[in-house]
Amino acid sequence: MVLYPVLVLERTYLPVTIFSHKKAFLLELLNKCEVLQHYSTVKLKSPSRDYPAPLVIRIPVLLKHWRNSSPTRRAVFIRDNFTCAYCGKIVKDNEATIDHVLPKSRGGEWKWENLVTCCSECNQKKGGRTPEEAGMKLLYRPKKPTGFELAINKWKGRFNREFLEALALYGVKVGEEAV
Ligand SMILES: [Zn+2]
């Protein structure tokens, strides 16, 4: 089943996340959201009729109350686009490892700012050392992403023209590589 992205805005029209069109449609049926725009090309089929899928919805929460995702392994990989923070190699889901920049043994914590995606070679090479000690350079400084940044990274392989236009309409810019 192909899932289409739906832009989710909070009460003051700020983008908070991306849902699948099925989830958004369910919220629409339950009257849990306001549909601001529908897809012209994507339909949901029922035995009796077809429904246009939601493209942009608004939910009755405020951004400050939107839950902040905790750094799960997978969320770190998604934030980093499955790219090793040391050599820049793209790692597959089952090959990706997590590196504590400041090693756990030195009190390095499980938090966004101390975790990076790492290929197994770089992880072995670094061992229980800091990047400086291991003579390895971080390609970027890890930081805490917003929930919306994570959603963008998670969904960008499934973006389509209508969705990109909706993003632009609500002031979201995505990089070239996302198209
Ligand atoms: Zn690497």
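What to note about this one:
- Anisotropy class of the stretch 73-134 from Cα gyration tensor, a/c 1.5 cut: oblate
- In percent, rounded to a whole number, the relative contact order of the chain is 22, using alpha-carbon pairs under 8 Å and six or more apart.
- With a threshold of 21 Å on the Cα-Cα distance, the over-threshold entries among Lys104/Lys154; Lys125/Lys156; Lys22/Lys144; Lys64/Lys143; Lys45/Lys173; Lys89/Lys137 are Lys104/Lys154; Lys125/Lys156; Lys22/Lys144; Lys45/Lys173.
- Cα-based shape type of the chain, given that a ≥ b ≥ c are square roots of the gyration tensor eigenvalues and the cut on a/c is 1.5: prolate
- Two-decimal log10 I(q)/I(0) for the stretch 100-179, as the Debye equation yields it once each C-alpha is a single scatterer, q = 0.14, 0.25, 0.26 Å⁻¹: -0.63, -1.16, -1.23
- For the stretch 58-65, 3J(HN,Hα) per residue [Karplus equation, 6.51 cos²θ - 1.76 cosθ + 1.60, θ = phi - 60°, Hz, x = Gly/Pro]: 10, 10, x, 10, 10, 3, 5, 9
- Structure-based [θ]222 nm, the chain - -39500 (n - 2.57) summed over DSSP H runs of at least 4, per residue, nearest 500: -6500 deg cm²/dmol
- Rounded to 5, the percent of DSSP beta bridges in the stretch 1-117 classed as antiparallel: 85
- For the chain, built as a Gaussian network whose Cα springs stay under 10 Å, the top-fluctuating residue of Leu63, Leu139, Leu115: Leu139
- 3J(HN,Hα) along the stretch 32-49: 9, 8, 10, 8, 8, 7, 10, 5, 8, 10, 10, 10, 9, 9, 10, x, 8, 7 Hz, from the Karplus curve 6.51 cos²θ - 1.76 cosθ + 1.60 with θ = phi - 60°, whole Hz, x for Gly and Pro.
- Global geometry of the stretch 1-77, whether rounded, prolate or oblate, following the gyration tensor of its Cα atoms and the 1.5 cut on a/c: oblate
Coordinate-derived values only; no laboratory data. Predicted model only: the values in this text are computed from it and were never measured.
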